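Working notes, beginning with the structure itself.
Here, each number is a calculation from the coordinates, and none is a lab measurement. Predicted, not measured: the structure shown is a model, and the values here were computed from it. Reconstructed Cβ throughout: ideal geometry from the backbone, glycine too, with neighbour counts over all protein chains shown.
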Amino acid sequence: MKNSSHAPSATSLPRAPRDDVGARSTRYLVMMGVRILCFILMVVITPYGWYTWVFGAAAIFLPYIAVVSANVGQEARSNRREDPEPSLPAVPGAASTAAKTDTQVIRVEEQRDPQPQPPAPKDDPEKPGPAA
């Protein structure tokens, strides 16, 4: 695992697997539709020739390609992660193209507070004092 000095931001994380399922299912179903189309074209187009063999080979090998491509997640196919750090200005008051387009980048960093001080005792006039 990569060791980094800062925590990952929300924009640098890959898509969640549950969000990737829809795209993978659609890709699989489209490839299976192309396979059915290859079967139909293999039978319908006459006279039979070299393209009949191409349609037949596509109908045979497309299920393997469809399953493999559906099982490969988004991260393995492309590693496109956005890193907001380059868009931040080097100096807080520096003008950048982001400021000109009315887009602001807000960076929040958390730090530990020093040891909290106990609250000072208050004198309550209604509370009776110690017995003398």
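Where does each of ASP113, ASP20 land when they are ranked from fewest to most other beta-carbon atoms within 10 angstrom?
Lowest count first: ASP113, ASP20.
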task = Within segment 17-31, find all residues whose amide N lies under 19 Å from a label point positioned 7 Å from the Cα of SER69 along Cα-to-beta-carbon.
result = 20-31
note = Checked segment 20-74 against the a/c 1.5 cut and the a/b vs b/c comparison, axes a ≥ b ≥ c from its Cα gyration tensor; verdict prolate
remark   = For VAL21 and PHE61, extending 7 Å from Cα along the Cα-Cβ vector and measuring point to point gives, in nm, a value of 3.2
